[in-house]
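Chemist: Following this message is one structure expressed as structure tokens.
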Amino acid sequence: MIINAANLALLRTAFNTAFASGLSQAAPQWNRVATMVPSTTQSSSYGWLGKLPNVREWIGDRVVNSIGQHDYTIKNKPWELTIAVDRDDIEDDQYGVYSPLFTEMGMSTGAHPDTLCFSLLKDGFSTACYDKQYFFDTDHPVLDEKGNETSVANTDGGSGTPWFLLDDSRALKPIIYQSRRSFEFVAKDKPTDDNVFDKREFKYGVDGRNNVGFGFWQFAWGSKQTLDKDAYKDARAALSGMKGDYGRPLGLKPKLLVVPPSLEGAALEIVNSERDAAGATNVWKGTAEVLVVPWLA
């Protein structure tokens, strides 16, 4: 290929097309456990987390629900992925071998939210959320019916492979995916660019800004206990019975059982089998959808 502006523009378009093809092939799962929240600044604060207001009988003046009770901020981070193409390969018409690499770039970019969201979910046993407790913890502070602080759990501990039971029907899911700027395909492919002049490399890349954080811990149950019908039963009961401040039932519906590939069989047996190991009717059949997540492996 002759190195000129017209041919380089065609090459850029071809690489961008391969990238877009890979991006379209990505099968995102993050949106089952996370809510995308747009961001317009370097960081966004979520002071309203922890305040789940309840409709009340109107007696006297209105009661204003404050939303500034917690200091929880998610700071956006920059992310990039760059590929260098040797000038000699372009001159020798070998650029076609790079197309699969740009397709993989697209797939990797499409999977970026998955890696962030599910990594954070998995780390929820040791990472603090808005109330300064670990996201999955046994002593989240909640006010009881009399206004006294009590401790509420959204985990039953254990030391095995983690699995999660969620209500994914709420407006705010357990994870927040904060997007400041979507990924863009960019190129440094002018013959006069320093990378070409100094190293004979044409550079193509993508970059964006985003980050993840925790939403309401009440909407998720995390466990490292052995995934069997007893542990599943306990998790459902705990999540369904979750209450907000002043004893308000949250009306949660455990609908999504999130597991890594190693627990797929155990999860499917619990919610898909007609009968249990003893031959009795499996009362948990159809009570949740199983989401097998390779990013949790």
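Chemist: Please find, in a Gaussian network model of the chain (springs between Cα atoms separated by less than 10 Å), the residue of Ile74, Ile175, Ile90 whose mean-square fluctuation is greatest.
Modeler: In the Gaussian network model the winner is Ile90.
Chemist: Share of the stretch 162-297's accessible area from carbon and sulfur, percent, 1.4 Å?
Modeler: Percent of accessible area from carbon and sulfur atoms in the stretch 162-297: 48.
Chemist: Apply the Karplus curve 6.51 cos²θ - 1.76 cosθ + 1.60, θ = phi - 60°, to the phi angles in the stretch 105-115 and return the couplings in whole Hz, x for Gly and Pro.
Modeler: Whole-Hz 3J(HN,Hα) from phi for the stretch 105-115: 4, x, 5, 5, 5, x, 8, 4, x, 4, 5.
Chemist: Given a 1.4 Å probe, how much area per residue of the chain is accessible, in Å²? Please list the in-between numbers first.
Modeler: Numbers: 15370 Å² over 297 residues.
Dividing the accessible area of the chain by its residue count gives 52 Å².
Chemist: Follow-up. In terms of Cα to Cα distance under 24 Å, which lysines are near enough to Lys233, apart from those fewer than 8 places away along the same chain?
Modeler: List returned: Lys122, Lys173, Lys224, Lys243, Lys253, Lys255, Lys285.
Chemist: Follow-up question, since we're still on this one. Send over the per residue convex hull volume for the stretch 197-288, Cα only, as a whole number of Å³.
Modeler: 196 Å³
Chemist: Another question, then. Treat every Asp and Glu Cβ in the chain as -1 and every Lys and Arg Cβ as +1, leave all other atoms uncharged, and give the resulting dipole magnitude about the Cα centre to the nearest 20 debye.
Modeler: The calculation lands at about 940 debye.
Chemist: First obtain the Kirkwood hydrodynamic radius of the stretch 98-165 from its Cα pairs, then insert it into the Stokes-Einstein equation at 37 °C and 0.692 mPa s, and state the resulting D in µm² per second as a whole number.
Modeler: For these conditions, the coefficient is 222 µm²/s.
Chemist: So which lysines pass the test for Lys190, namely a Cα distance under 17 Å, with those fewer than 8 places away in the same chain ruled out?
Modeler: Within the straight-line cut-off, Lys190 pairs with Lys199, Lys203.
Chemist: Near Lys132, which aspartates and glutamates are there with a Cα under 16 Å away, not counting those fewer than 8 places off in the same chain?
Modeler: Counting by Cα, and skipping residues close in sequence, Lys132 has these aspartates and glutamates nearby: Asp71, Asp123, Glu149.
Chemist: Could I ask something else about it? In deg cm²/dmol, rounded to 500, what helix-only [θ] at 222 nm does the chain give when every DSSP H run of at least 4 residues adds -39500 (n - 2.57) and the total is split over its residues?
Modeler: For the chain, the value works out to -8000 deg cm²/dmol.
Chemist: Now, a different point. Taking the Cα centre as origin and putting +1 on Lys and Arg beta-carbons and -1 on Asp and Glu beta-carbons, what dipole magnitude results for the stretch 209-297, to the nearest 20 debye?
Modeler: Working: 11 positive and 9 negative charges, 76 e Å.
Rounded to the nearest 20 debye, it is 360 debye.
Chemist: Oh, and also: Could you please tell me the mean projected area of the C-alpha convex hull for the chain, averaged over all directions and given in square nanometres to one decimal?
Modeler: Averaged projected hull area, Cα only: 20.9 nm².
Chemist: Same structure again: Which of the listed residues, Ser119, Tyr98, Gln133, is farthest toward the dipole's positive end in the stretch 77-135, when Lys, Arg count +1 and Asp, Glu count -1 at the beta-carbon?
Modeler: Checking the options against the dipole of the stretch 77-135, the answer is Gln133.
Chemist: From the protein chains alone at 1.4 Å, what is the descending order of accessible area for Thr82, Thr35, Thr127, largest first?
Modeler: Final ranking, largest accessible area leading: Thr82, Thr127, Thr35.
Chemist: I've got another one for you. Please turn the phi angles of the stretch 192-207 into ³J(HN,Hα) values with the Karplus equation 6.51 cos²θ - 1.76 cosθ + 1.60 (θ = phi - 60°), one per residue in order, whole Hz, x for glycine and proline.
Modeler: 8, 5, 4, 5, 6, 5, 7, 10, 6, 10, 8, 10, 10, x, 10, 8
Chemist: Evaluate 2.2 N^0.38 Å with N set to the residue count of the stretch 144-265, then give the Cα radius of gyration divided by it.
Modeler: Here the Cα radius of gyration is 1.68 times the empirical estimate.
Chemist: Quick one: check the C-alpha center-to-center distance for the stretch 168-239 versus the stretch 251-297, whole angstrom.
Modeler: 25 Å
Chemist: Here's something else I'd like to know. Quick one: what are the phi-derived ³J(HN,Hα) couplings along the stretch 161-166, Karplus 6.51/-1.76/1.60 with θ = phi - 60°, whole Hz, x for glycine and proline?
Modeler: 6, x, 9, 9, 10, 10
The values are calculated or read from the model by the stated rules, or taken from the named source; none is laboratory data. As the structure is a prediction and not an experimental result, all values here were calculated from the model. Cβ: placed from backbone, ideal geometry, glycine included. Neighbour counts: every protein chain shown. Note: accessible area is taken over every heavy atom of the protein model, side chains too, but ligands, DNA and RNA are not part of it. Shrake-Rupley method; radii C 1.70, N 1.55, O 1.52, S 1.80 Å.
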